[in-house]
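Participant: Okay, handing you the structure first.
The values are calculated or read from the model by the stated rules, or taken from the named source; none is laboratory data. These figures come from a predicted structure and were not determined experimentally. Please note: Cβ atoms are built from the backbone with ideal geometry, for glycine as well, and neighbour counts cover all protein chains shown. Just so you know, the surface numbers come from the protein's heavy atoms only, side chains and all, with ligands and any DNA or RNA stripped out. Shrake-Rupley method; radii C 1.70, N 1.55, O 1.52, S 1.80 Å.
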Amino acid sequence: MDGARKMLEGMARYHRHRVHGLEHVPAEGPALFAVNHSLATYDVGLLVLAVYKRTGRIMRGLGDRSLFTTPGLRDLVPRLGVVDADPRQARRLLDAGELIVVAPGGMREALRTRAQRYTVQWDDRQGFARLAIEAGVPVILGACPRADDVFTAYKNPLTPRIYDRLRLPLPLARGLGPTAIPRPIALTHTLRAPIQPPEVGEGGIEEVLGEFHDRLVWEMEGLMVRALERRL
C-alpha cells in the first residue's frame, strides 16, 4: 500500500490535483461516491488519496472486472483497496459503515472517443442507484471532467468489438505527443452535497428507482458542466 500511495502522491503532484467540496465527506458512517470514468482511470485514486489526507477515511473502490485482467492494472488495483464490483460485496461494505466509490459508466464510459469527452454515460446503469436505496445511504457525486483530456481516444471499429466480446479495453489512444505518457493536465474533482435516497413504499424499490436514477444522472451532468466552467 505504501508503494501505491507514493505513486498516487506523485501523480497528484504531476496533475496539480485539487478537490472542491471535501466538506461533504461524512466524518463517519457509510456513503456511496459516484464519479465519472476516464481512460486515465487513476484519477479516482487521486480522489481517494485526497479524502484520506483530509479525513483519515479510506474509500473502497468498486472496479470493473476488466481492471483485474488488464496488464499494468491488475497488480495495482488490489493494492489500492479496489474490489470487484459485486453488489453483495458493496452492500457488506456499506452495512459496515464504509465509504465506497464507483464509476457507474464502467470501462465502456472510459473508452469514449474525443468527440464524446465530458459526457455522462449512466443511462442504462441503475445498479449504483439501487444499491444506495437498498442500503439507505447518501450518494455523493464527484466530477473530474478534465480527466478526459489526459489521454485522447480515437474512434475505430475494433475497440468496441473487442470489449463487447472479450471485455478487454484496447483503445486506440495517445497521451503526451505520440506517446502513452499522461498529459500533465491539472485535475480537479468537484464533490456535490450528499443526495439522500428515497424511502421505499408499498410499491417496492422499482417504484422509486427510475426517478432517483434519473435525478442522479441529471445532477451529475450539471456537476460536470459547472466543474468545466470553474476552470475557465
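Participant: Roughly how much of Met7 is accessible, in Å² to the nearest 10, using a 1.4 Å probe?
Facilitator: Here the accessible area works out near 70 Å².
Participant: As an exercise, take the mean of 1/r over every pair of distinct alpha carbons in segment 80-177, invert it, and state the Kirkwood radius in angstroms. Don't jump to the answer; show the numbers that get you there.
Facilitator: Working: mean 1/r = 0.0650 Å⁻¹.
For segment 80-177, inverting the mean 1/r across all distinct Cα pairs yields 15.4 Å.
Participant: Place +1 on the Cβ of every Lys and Arg and -1 on the Cβ of every Asp and Glu in segment 117-217, take the dipole about the Cα centre, and give the residue among Thr190, Thr159, Phe128 whose Cα lies farthest towards its positive end.
Facilitator: Of the options given, the answer is Thr159.
Participant: What are the DSSP H helices in the chain that stretch 15 Å or more along their long axis, judged by alpha-carbon atoms, and whose average Kyte-Doolittle hydropathy comes to at least -0.5?
Facilitator: On the way: long enough: 2-14 (18 Å, -0.83); 43-55 (18 Å, 0.88); 206-230 (36 Å, -0.27).
Membrane-span-like by this rule: 43-55, 206-230.
Participant: Where a ≥ b ≥ c are the square roots of the eigenvalues of the C-alpha gyration tensor, would you call segment 170-209 rounded, which needs a/c under 1.5, or, failing that, prolate if a/b is larger than b/c, or oblate?
Facilitator: oblate
Participant: Give, rounded to the nearest 20 debye, the magnitude of the charge dipole that the chain has about its Cα centre when Lys and Arg contribute +1 at Cβ and Asp and Glu contribute -1 at Cβ. Don't jump to the answer; show the numbers that get you there.
Facilitator: Details: 33 positive and 27 negative charges, 280 e Å.
Dipole about the Cα centre, nearest 20: 1340 debye.
Participant: Quick one: putting +1 on the C-beta of Lys and Arg, -1 on the C-beta of Asp and Glu, what dipole do you get for segment 99-232 around its Cα centre, in Debye to the nearest 20? Don't jump to the answer; show the numbers that get you there.
Facilitator: Working: 18 positive and 16 negative charges, 236 e Å.
Magnitude of the dipole: close to 1140 debye.
Participant: Going from most exposed to least, what order do Ile58, Ile185 have by accessible area with a 1.4 Å probe? Walk me through the intermediate numbers first.
Facilitator: Working: Ile58 100, Ile185 30 Å².
Per-residue accessible area, sorted high to low, gives Ile58, Ile185.
Participant: When the gyration tensor of the chain is built from Cα positions, what are the square roots of 5 times its three eigenvalues, in whole Å, from largest to smallest?
Facilitator: Equivalent ellipsoid of the chain: 27, 20, 18 Å, largest first.
Participant: What whole-number distance in Å separates the alpha-carbon centres of segment 160-203 and segment 8-43?
Facilitator: 13 Å
Participant: What does the charge count around Ala153 come to, taking other residues whose C-beta lies under 10 Å from its C-beta (Lys +1, Arg +1, Asp -1, Glu -1)?
Facilitator: Summing Lys and Arg as +1 and Asp and Glu as -1 gives +4.
Participant: Which value, in Å² and to the nearest 10, is the accessible area of Tyr154 when all protein chains are kept and the probe is 1.4 Å?
Facilitator: Counting only protein heavy atoms, the figure is 90 Å².
Participant: For segment 129-191, what does the alpha-carbon gyration tensor say about shape, rounded, prolate or oblate, given a ≥ b ≥ c as the root eigenvalues, a/c under 1.5 as rounded, and a/b over b/c as prolate? Intermediate results must be reported in sequence, preceding the final value.
Facilitator: Numbers: a/c = 4.09, a/b = 1.39, b/c = 2.95.
It is oblate, given that a/c is not under 1.5 and a/b is not larger than b/c.
Participant: How large is the accessible surface of Glu23 in square angstrom, using a 1.4 angstrom probe and rounding to the nearest 10?
Facilitator: 130 Å²
Participant: Now a separate question. Could you rank Arg183, Arg114 by how accessible they are, 1.4 Å probe, largest area first? Walk me through the numbers on the way to the answer.
Facilitator: Values: Arg183 40, Arg114 125 Å².
Final ranking, largest accessible area leading: Arg114, Arg183.
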